[in-house]
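So the structure is just underneath, and the comments pick up after that.
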Amino acid sequence: MIKRLILIITISLLFMGFSQARGTSAPWIMIDTHREALLVMVGDRIEQEFAGISVGRGGTAELRFQGDGRTPRGVFHVGWINEKSKFHLFFGLDYPNIDHAERAYQRNKIDYQTFRQISSSVIQGETPPQDTALGGYIGIHGLGQKDPKLHKKLNWTDGCIALTDEQIDQLARWVDVGTRVVIF
C-alpha cells in the first residue's frame with residue numbers, strides 16, 4: 001500500500017511539474033485500476049472522480065498482447081474520439097506506445113520492423129499500428145448495449161477502461177485529442 005501511495009504522489013508531482021513547465025493547466029486522466037476509479041486531474045488537483053470502472057477481464061499488465069484481455073499500464077494520450085461507437089463514446093489511446101514496443105522487442109515478442117513501425121508512428125504523432133502482437137484499439141468507453149449489471153459485478157472489457165454511458169458523457173467535457181492518460 002505504501003508503494004502505491006508513493007507511486008500516486010510521484011505521478012501527481014511529475015504531472016504537476018509538467019503542467020507548470022508548459023504554463024498550462026490542461027486536464028489529464030489518472031486511472032487507478034486497483035481502486036477501480038478514473039480521476040480527472042488538473043495539475044495535482046482532483047477535479048472529478050468516476051468510481052466503479054471496469055478494466056480488462058484479464059486484469060492489467062506492463063506488457064499486454066492481442067487477445068489476452070489485459071489493460072496496459074503506462075502513460076498514453078487520447079489519439080482519436082469516436083462519437084458513434086458501439087460503446088456509446090470511445091476515446092482511443094495511442095497504444096502501443098514506445099515503452100511497450102521496446103519492452104516487447106527486448107523480450108523477443110515483436111520483431112525489429114514492428115518495433116520501428118510503432119516507434120515511427122508515435123514519434124510522428126500518428127496512431128501506432130493497431131494490429132501487431134501487442135494488440136490495439138485500447139481506449140476509454142461507455143457501455144453502449146452492454147449490460148449495466150455485468151459492469152457493476154466484474155471487469156469485462158478486452159483491455160479497455162469502461163464507464164457507464166452517463167459517466168463517459170460527463171468525462172467528455174474534460175477530454176480532447178492529446179489528453180494525457182496514466183493507467184496504473
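The values are calculated or read from the model by the stated rules, or taken from the named source; none is laboratory data. If you're wondering where the values come from, they're calculated on a predicted model, not measured in any experiment. A quick note on method: Cβ atoms are made from the backbone with ideal geometry, for glycine too, and the neighbour counts reach across all protein chains shown.
Among the residues of the range 100-122, write down those that are surrounded by 14 or more Cβ atoms within 10 Å (Cβ to Cβ) and either in a loop (DSSP other than H, G, I, E, B) or on the phi > 0 side of the Ramachandran plot (or both).
Of everything in the range 100-122, those that are surrounded by 14 or more Cβ atoms within 10 Å (Cβ to Cβ) and either in a loop (DSSP other than H, G, I, E, B) or on the phi > 0 side of the Ramachandran plot (or both) turn out to be K109, I110.
Is it fair to say A51 is modelled with pLDDT of 95 or more, surrounded by fewer than 17 Cβ atoms within 10 Å (Cβ to Cβ) and of a type in the set (A, V, I, L, M)?
yes
Being farther than 15 Å from Y95 by Cα, out of contact with any strand residue (DSSP E or B) (no Cβ under 6 Å at 6 or more places or on another chain) and surrounded by 19 or more Cβ atoms within 10 Å (Cβ to Cβ) is true for just one of T164, T157. Which residue is that?
T164
Modelled with pLDDT under 95, of a type in the set (G, A, S) and either out of contact with any Lys or Arg (no Cβ under 6 Å at 6 or more places or on another chain) or within 28 Å of I53 (Cα to Cα) (or both): which single residue out of G92, G125 fits that description?
G125
If you check G142, G125, G178, which single one turns out to be free of Cβ contacts under 8 Å to residues at least 60 places away in the same chain and loosely packed, with under 15 Cβ neighbours inside 10 Å?
The match here is G125.
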